[in-house]
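Q: Structure in structure tokens, see below.
The values are calculated or read from the model by the stated rules, or taken from the named source; none is laboratory data. These figures come from a predicted structure and were not determined experimentally. Here the Cβ positions follow ideal geometry from the backbone for every residue, glycine too, while neighbour counts run over all protein chains shown. For accessibility, only protein heavy atoms count, side chains too; no ligands or nucleic acids. Shrake-Rupley method; radii C 1.70, N 1.55, O 1.52, S 1.80 Å.
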Amino acid sequence: SAVISQKPSRDICQRGTSLTIQCQVDSQVTMMFWYRQQPGQSLTLIATANQGSEATYESGFVIDKFPISRPNLTFSTLTVSNMSPEDSSIYLCSAGGGRGGYGYTFGSGTRLTVV
Amino acid sequence: GIQVEQSPPDLILQEGANSTLRCNFSDSVNNLQWFHQNPWGQLINLFYIPSGTKQNGRLSATTVATERYSLLYISSSQTTDSGVYFCAVDLDSGNTPLVFGKGTRLSVIA
């Protein structure tokens, strides 16, 4: 199964600033997925990132706020822009699935606190 | 879209007790996974189990795809089992994202 390295693991940021989260996969994957987990909640999909095309965003998430890059089949970034305290969450990337029988794996998460 | 319901939402166990967590889903799925989220937020993949039964130590899982439910069994619980257990499904593995249930928050007390 795919192994994903995600960084940073945590950060404390000032409101109005931006943070870029990186995910590196140890194998080539077609799709990568970005999730947000607000405190005490389940995971909510932000967007799907397909290499070579613009990311597809879920309802309630917009590209200006959460721009995503997918420059190749092993790497993706998510930027949280113009942050407010409401953006304080855990952000996770995911990849895998397919027919290998291992399912999806997740990065270790980025715990973001906006002050 | 597909709905995933988990029960119970919260569970408190004495160390050594057994428990069963349930996951119901509203449509046929290609994949079902159980995860444990530890206190640091990391998601640990417990089982990839679209159908059938699997066991890993004190944990086992069963998915009955035709009846659209899955069960996670925890035997002889330990305090380190505490955390949130998530069930997640997808319709087309590799091409569609996992859809998560709301989770079961488990607290194991000594």
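Q: Could you do me a favour and compute the accessible area per residue for chain B, 1.4 Å probe, result in Å²?
A: On the way: 5200 Å² over 110 residues.
For chain B, the solvent-accessible area averages 47 Å² per residue.
Q: I'd like the interface area for chains A and B: accessible area of each alone minus the complex, both sides summed, 1.4 Å probe, protein heavy atoms only. What is it in Å² to the nearest 100? Don't skip to the answer; put the middle values down first.
A: Details: alone 6310 and 6000 Å², together 10650 Å².
Rounded to the nearest hundred, the buried surface is 1700 Å².
Q: May I pose another question? Test of understanding: in a Gaussian network model of chain A with alpha carbons linked when under 10 Å, which of A:ARG36, A:ARG70, A:ARG15 would top the mean-square fluctuation ranking?
A: Sorting by GNM fluctuation, first place goes to A:ARG15.
Q: How large is the dipole of the protein assembly as shown about the Cα centre if only Lys and Arg carry +1 and Asp and Glu carry -1, each at its Cβ, rounded to the nearest 20 debye?
A: Numbers: 14 positive and 15 negative charges, 60 e Å.
Rounded to the nearest 20 debye, it is 280 debye.
Q: Then there is this: With N set to the residue count of the stretch B:4-109, report its C-alpha Rg divided by 2.2 N^0.38 Å to two decimal places.
A: 1.01
Q: Accessible area per residue, 1.4 Å probe, Å², for chain A: what's the number?
A: On the way: 5450 Å² over 115 residues.
In whole numbers, chain A has 47 Å² accessible per residue.
Q: Let me ask another. Looking at B:GLY103, B:PHE25, A:SER1, which one has the Cα that reaches farthest to the positive end of the dipole of the protein assembly as shown (charges on Cβ: Lys, Arg +1; Asp, Glu -1)?
A: A:SER1
Q: Taking amide H positions as placed 1.01 Å from N in the peptide plane, with prolines and chain starts having none, which residues 5 or more places from B:PHE47, or on another chain, fall under 5 Å of its amide H?
A: B:TRP34
Q: Sticking with this one: At a 1.4 Å probe radius, carbon and sulfur cover how many percent of the accessible area of chain B?
A: On the way: 2490 of 5200 Å².
Of all accessible area on chain B, carbon and sulfur atoms account for 48 percent.
Q: How large, in percent, is the carbon and sulfur part of the accessible surface of chain A at a probe radius of 1.4 Å?
A: Numbers: 2540 of 5450 Å².
The value for chain A is 47 percent carbon and sulfur by accessible area.
Q: Another question, then. Computed on alpha carbon atoms, what radius of gyration and Dmax characterise the stretch A:1-67, expressed in Å?
A: In Å, with Rg to one decimal and Dmax whole: 13.2, 38.
Q: Pairing rule first: another cysteine's C-beta must sit under 4.7 Å. Under that rule, which cysteines of chain A stay single?
A: Within chain A, the cysteines lacking a partner Cβ under 4.7 Å are A:CYS13.
Q: Which residue fluctuates the most in chain B, going by a Gaussian network model with Cα springs under 10 Å, if the choices are B:ASP81, B:ASP92, B:ASP27?
A: Its mean-square fluctuation being the largest, the pick is B:ASP92.
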